[in-house]
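Visitor: Quick one: structure below, then a few questions.
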Amino acid sequence: MTTSRWHYAKELAEQLRINGVPEPQVRDIVAQVEGHAAATGEDLVDAFGQPVDYAAQWRSLSPRRWIGQVLLGGVPALGVASGVKAMFAGGEWSSAVALDRSDLTGFLVMFAVVGLVPWTVGLTESRRRAAALGSTAVPSVWPYRVAVPVVFGIVVALVTWALGGSASTLLVEVPRWVLAVVGVVGISSVVFLGPAPNSAGQLPDRPWAPPHSWRTRVRRAFINR
């Protein structure tokens, strides 16, 4: 089965980004692969191997990067939770806002959405897809669809068990303006996060393409994470 050049380039670009390869180098690698295919007509899987394996030859996904991306997912999660709390708290900006156990639960759920799920379940599904190009046995998406609610259920169960007691138990009081600042900074930090597995899989620009404006980088960060 002949591998689509477009699909190979898309999967390769995604795997390189996940592994932490800088975007300029991603452009060069994908351009080299496409150039080889155009010049020789050789099937890309036969020439370079599966995208997940070829990407690992340039840089593998280190445990440090994986853990870092999961933990960094907590920063925008904290930003969203803080921003929502500040928005609906009411009162003066200098007034104190009470944070209880239900707020902590909300933060942990957001952390699972932004950090834990994409870099566990999503990563596994992305790797499986990028290791089966050209195969007639297409990896099923059902394990991913089933695993997501399972992970959520485990997170919620662990949070409920860990907190115990009443959800309204006061933990701390914080000025409303502090929550607003944390919200803005936390949500803005999404531009520094690596692309999540199973993202849009956007192809890189050509090596000679001009640098993107900050507006484009922010837009892509929110679309592709």
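The values are calculated or read from the model by the stated rules, or taken from the named source; none is laboratory data. Predicted, not measured: the structure shown is a model, and the values here were computed from it. Methodologically, a virtual Cβ is constructed for each residue, glycine included, from the backbone with ideal geometry; neighbour enumeration extends over all protein chains shown.
Visitor: Any idea which residue in the stretch 117-134 is surrounded by the fewest Cβ atoms within 10 Å (Cβ to Cβ), counting only those that are of a type in the set (Val, Ile, Thr) and in a helix (DSSP H, G or I)?
Guide: For the stretch 117-134, the residue satisfying everything is Thr124.
Visitor: What number goes with the only condition from (1) without any contact (Cβ under 8 Å) to a residue 60 or more places away in the chain; (2) over 24 Å from Leu170 (Cα atoms); (3) of a type outside the set (Val, Ile, Thr) that Ala132 does not pass?
Guide: Looking at each condition in turn, Ala132 falls short on (1).
Visitor: Tell me which residues, restricted to the stretch 19-59, are β-branched (Val, Ile, Thr), out of contact with any Pro (no Cβ under 6 Å at 6 or more places or on another chain), in a helix (DSSP H, G or I) and more than 21 Å from Ser135 (Cα to Cα).
Guide: Across the stretch 19-59, the qualifying residues are Ile29, Thr40.
Visitor: Could I ask something else about it? With respect to the numbered conditions (1) part of a helix (DSSP H, G or I); (2) surrounded by 15 or more Cβ atoms within 10 Å (Cβ to Cβ); (3) under 25 Å from the mean Cα position of the chain (by Cα), which one is the sole condition not fulfilled by Ala86?
Guide: If we test Ala86 against (1) part of a helix (DSSP H, G or I); (2) surrounded by 15 or more Cβ atoms within 10 Å (Cβ to Cβ); (3) under 25 Å from the mean Cα position of the chain (by Cα), just (3) comes out false.
Visitor: Could you count how many residues in the stretch 39-66 are touching a residue at least 24 places away in the same chain (Cβ under 8 Å) and more than 14 Å from Thr3 (Cβ to Cβ)?
Guide: Residues that pass the stated criteria total 9.
Let's see how each residue does on (1) at pLDDT below 90; (2) touching a Cys at 6+ places or on another chain (Cβ under 9 Å); (3) within 28 Å of Gly183 (Cβ to Cβ); (4) surrounded by fewer than 18 Cβ atoms within 10 Å (Cβ to Cβ):
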{"site": "Arg5", "(1), (2), (3), (4)": "yes, no, no, yes"}
{"site": "Val52", "(1), (2), (3), (4)": "no, no, no, no"}
{"site": "Ile67", "(1), (2), (3), (4)": "yes, no, yes, yes"}
{"site": "Ala77", "(1), (2), (3), (4)": "yes, no, yes, no"}
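Visitor: Do we find that Val138 is surrounded by 12 or more Cβ atoms within 10 Å (Cβ to Cβ) and either part of a helix (DSSP H, G or I) or modelled with pLDDT under 80 (or both) in this structure?
Guide: No; evaluated as a whole, the condition is false for this residue.
Visitor: Given (1) surrounded by 15 or more Cβ atoms within 10 Å (Cβ to Cβ); (2) at pLDDT 85 or above; (3) out of contact with any Phe, Trp or Tyr (no Cβ under 7 Å at 6 or more places or on another chain), where does Val114 come up short, assuming only one miss?
Guide: It fails just one condition, (2).
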